[in-house]
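Participant: What follows is a single structure, and I will ask about it in a moment.
The values are calculated or read from the model by the stated rules, or taken from the named source; none is laboratory data. Worth saying up front: this structure is predicted, and the values here are computed from it rather than measured. Positions of Cβ are backbone-derived with ideal geometry, glycine not excepted, and every protein chain shown enters the neighbour counts.
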């Protein structure tokens, strides 16, 4: 629709119609027939039941036939014929569920991550979805928090690259119009939601301004720079003010400083929750503060609907209402909904999912996301040796390896299991399968879905019997392939944990198997870093497979047999104990560092009962290839540093590798991390091959913000560390052109 016509539509709206555009409700308000069902929304406390055919958006209806009927009824019954926006929690795949974002980020193949996002966008589009609630870009350094699974991890650079790749994958390259097979990205959660006190969900966050600007805000800004269409507010307090009601954060920082022009949506009931936070005295005050903070869409409450008719009698609030409605209409227009309200719903490929190509991309992303943390020359396995393998643990046959968020649109029945992958490459006589332990204590928590869970996962069996069966199978084998970790409900939203150790029954199984003196390969299924200090010593090889998505079994088997070569690096550190948390690589030094201090051993910064270092640090990851790299040169231009280095494969195994370039600590007005990642290069290295590679580093990524939010780049010496498979070499350069300016 031309801007002039859109303005005419906007000017024709009544106050009630405008307010209705700011309401977002669960799609449950519509029943299957498309007839209105107001029962669920009556519980939300609407003083005056709105005309639900006029509301702005609904979320989490993922059935294209239902969405078609809903839109058809809305257009038939509404006064202004404004199409609904359909949004959904598509976090890491629609039906082609990919590895969780924490895993994807460690691949450092940002082109492949973009391809996965393109597939998610295509499947969402072809099922009628307009907006997806992702990527989640909360920098996170506390694995107790359950939502680390949907984050790119602890590192600023990694998170920024992930942000740009996913946003561009969802939305495409056209900034003015969202084309066919693309959807709008809604980044979340603004801001600093990934740093909750005690690692507890929805808890408060306390951060200095310099920490906020130098680290936690960076990934969001990268997504805004990539032209994301929506931003979702966070549940948490930030320095005493709820993010959803924080005018400085949402107006001054997000809109003015970052230049965001899109739609700002609250998280579920977050505007209403300004009152229980103690920030608003009642619902009317919550609505006032939400609107003042620039929040356009009120998700799943009646707060705006009840309070705005009175509030907008004041000119300031009337203008803010107009601004919000205009942004929502502009988004609908970018999606082409006024010309095609049935976007993605009336074409030959509507409903199309899980293509051969999408499964191929998913398999490759599994191969590039699993992290090999330990290998005593045991992997890869060779099926031709005919060695006997005891495959122990419930994950080998489980279909529930998609992770928490995949339940919105993914299907466990689509999962290609590890057992299927192994049987494809090994003779069945080589493999002994035993469950080892029950993945779930019972199926009652799944309510009406419990029968489906039991059918896919098998009945609950006696733990003693399962243990004995595993030992018998292991005794007959040459190698033990042990699957262990979390079940999918143990991570995700609302799954904060204080104990990050494996369950006792898994530890007991590990210790009993170790007494057989058979080599053990451990496959760790998890949505977060765990504390493995007690058990890691029993593993000859350790492969972290995360929650790998629908093609997990195929990709993991390819890694086990050497059809694929591990190349991923940890995107988040694994602590030795919970007492170290938060533990992350880009920390600052103290005046009394553990190393190189003139003080006696007691009076330095350390624990007396634990190492300072994590068990496995960010960036850890092995390969079947061994390689070394050397600096060639670093050259300065006006805007960038141009880095040149060479890499050589030292053996006969080809493989993908990631070169990481770190900036080491330097003296500055704000103390800098001991090191921080500033560039990566992901490349294929053939057997015995030597390559010369290049990577550019923006000078903007070398500077820092002070506590006033002012940006600085000092002249002087900078030291960069090239890291290839843990082999490190430093190179220094004198930067001659410094900068001191406000970030725009």
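Participant: Can you tell me how many residues within region 493-529 are crowded, with 23+ Cβ neighbours inside 10 Å and either closer than 30 Å to residue 267 by Cβ or not assigned by TED's automatic domain parsing to the domain that holds residue 408 (or both)?
Facilitator: Residues flagged as crowded, with 23+ Cβ neighbours inside 10 Å and either closer than 30 Å to residue 267 by Cβ or not assigned by TED's automatic domain parsing to the domain that holds residue 408 (or both) within region 493-529 amount to 5.
Participant: May I ask you to verify whether residue 558 is in contact (Cβ under 8 Å) with a residue 40 or more places away in the chain, touching a strand residue (DSSP E or B) at 6+ places or on another chain (Cβ under 8 Å) and buried (at least 17 other Cβ atoms within 10 Å of the Cβ)?
Facilitator: No, not satisfied.
Participant: For a quick check of your reading: which helices (runs of 4 or more DSSP H) sit entirely within region 261-375 and have at least 3 residues that are within 23 Å of the chain's Cα centre (by Cα) and under 30 Å from residue 546 (Cβ atoms)?
Facilitator: 356-369
Participant: Which of the following residues is farther than 20 Å from residue 374 by Cα, at pLDDT below 95 and in the same structural domain as residue 411 (by TED's automatic domain parsing): 489, 471?
Facilitator: Result of the check over 489, 471: 489.
Participant: Would you pick out the residues in region 543-553 that are surrounded by 24 or more Cβ atoms within 10 Å (Cβ to Cβ) and either part of a loop (DSSP other than H, G, I, E, B) or touching a helix residue (DSSP H, G or I) at 6+ places or on another chain (Cβ under 7 Å) (or both)?
Facilitator: Listed by number, the residues that qualify are 545, 546, 547, 548, 549, 550, 551, 552, 553.
Participant: Looking at region 561-579 only, could you name the residues that are more than 23 Å from the chain's Cα centre (by Cα) and either surrounded by 17 or more Cβ atoms within 10 Å (Cβ to Cβ) or assigned to a helix (DSSP H, G or I) (or both)?
Facilitator: Within region 561-579, 561, 564, 565, 576, 577, 579 meet the criteria.
Participant: Within the set of pairs 6 or more residues apart or between chains, which connect a residue that is under 19 Å from residue 489 (Cα atoms) inside region 404-429 to a residue that is surrounded by fewer than 23 Cβ atoms within 10 Å (Cβ to Cβ) and modelled with pLDDT under 90 with Cβ atoms less than 6 Å apart?
Facilitator: 412/456
Participant: Quick one: which of 537, 606 is more than 23 Å from the chain's Cα centre (by Cα) and in a helix (DSSP H, G or I)?
Facilitator: Among 537, 606, only 537 is more than 23 Å from the chain's Cα centre (by Cα) and in a helix (DSSP H, G or I).
Participant: Restricting attention to region 728-744, and to residues there that are surrounded by 14 or more Cβ atoms within 10 Å (Cβ to Cβ) and at pLDDT 95 or above, which single residue is farthest from the chain's Cα centre (by Cα)?
Facilitator: 733
Participant: Just the residues that are surrounded by fewer than 16 Cβ atoms within 10 Å (Cβ to Cβ) and either in a loop (DSSP other than H, G, I, E, B) or modelled with pLDDT of 60 or more (or both), please, taken from region 27-45.
Facilitator: Within region 27-45, 28, 31, 32, 33, 35, 37, 38, 42, 43, 45 meet the criteria.
Participant: For region 69-114, name all the residues that are part of a helix (DSSP H, G or I), closer than 22 Å to residue 346 by Cα and touching a helix residue (DSSP H, G or I) at 6+ places or on another chain (Cβ under 9 Å).
Facilitator: Those that are part of a helix (DSSP H, G or I), closer than 22 Å to residue 346 by Cα and touching a helix residue (DSSP H, G or I) at 6+ places or on another chain (Cβ under 9 Å): 70, 73, 74, 75, 76, 77.
So that you can scan it fast, the table gives a plain yes or no per residue for (1) over 22 Å from the mean Cα position of the chain (by Cα); (2) crowded, with 24+ Cβ neighbours inside 10 Å:
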position	(1), (2)
63	yes, no
69	yes, no
84	yes, yes
99	no, yes
107	no, yes
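Participant: With the condition kept exactly as written, say whether any residue in region 121-139 is over 30 Å from residue 683 (Cα atoms) and part of a helix (DSSP H, G or I).
Facilitator: yes
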